[in-house]
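Here the structure is laid out as structure tokens; the discussion comes afterwards.
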Amino acid sequence: ARLAVLISGSGSNLQALLDACAQADFPAQVVCVVSNVPTAFGLERARKAGVPAVALDHNAFGSRADFERALGDELEKAGVEWVCLAGFMRLVSADFLARFPGRVLNIHPSLLPAFTGLHAQRQALERGVKIAGCTVHFVDAGTDTGPIIAQAAVPVLPGDDEASLSARILAEEHKLYPLAVRLVVTGKVTLEGTGTRVAAQVT
Ligand code: GRF
């Protein structure tokens, strides 16, 4: 399966997907990486992996629609089948999603539906939850509201601060995203209406 990964920053989730795709038995390859931030370190990661990397600075476009049109064109040109948002700090509109129906995934550092939006790890600490984690979901026009594909949990430990909890969650993200991609591209998890049908245990 042909993946695109969209980033805005460090790209450690991108790196996890690149490493997974480098395994012979992994049923997907990253065919293009796009960042809306030209200086994102993740672009360097893509280049090192020999994957075409494009910076589309959203500030260089007259409107959100123009930016998303250029983004969609880039992905279609590369024959992308699945779009993985990984630290991509832009909401995508229904028009963009309509070009890749049921094919856009995102990873979020909380156990959705808890703590949508920014600083999810900080929200978890402030709420005093004892279990935190991360979620890979299909993207819909809302914010972190699409059907859930897979989740991973971590304990919140005494003395945790935003950095220590984020690091513990990020380590799980790096395992969860490749797992979720494998489940989706092999059809073991499918989008059914407003939910997902899971035909395989998330191991
Ligand atoms: C991760 O915490 C991810 O859950 C969130 O943004 C961060 C991306 O980190 N969407 P990276 O750019 O993949 O290192």
How large is ³J(HN,Hα) for each residue in region 56-71, as worked out from phi by the Karplus curve 6.51 cos²θ - 1.76 cosθ + 1.60 (θ = phi - 60°), to whole Hz, x for Gly and Pro? 10, 6, 5, 6, 8, 10, x, 8, 4, 4, 5, 4, 5, 5, 5, 5
Derived scalar couplings ³J(HN,Hα) [region 82-87; Karplus, 6.51 cos²θ - 1.76 cosθ + 1.60; whole Hz; x for Gly, Pro]: 10, 10, 9, 7, 9, x
Would you please give the FRET efficiency between V129 and T186, computed as 1/(1 + (r/R0)^6) with r the Cβ-Cβ distance and R0 = 41 Å, to the nearest 0.05? 0.80
Computed FRET value (nearest 0.05) for E162 with M89, which takes r as the C-beta separation and R₀ as 22 Å: 0.80
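Per 0.36 nm of contour for each residue apart, how much would the distance between F41 and R122 grow if the chain were fully extended, relative to their Cα-Cα spacing?
Numbers: separation 81, 0.36 × 81 = 29.16 nm, distance 2.38 nm.
Result for the pair: 26.8 nm of gain on full extension.
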Between V198 and T145, 0.36 nm times their residue separation minus their Cα-Cα distance comes to what? 17.3 nm
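Bear in mind these aren't lab numbers, they're just calculated from the coordinates by the rules spelled out. Since the model is a prediction, treat every value here as computed from it, not as a measurement. Cβ coordinates were reconstructed from backbone atoms using ideal geometry, including for glycine residues, and neighbour counts include every protein chain displayed.
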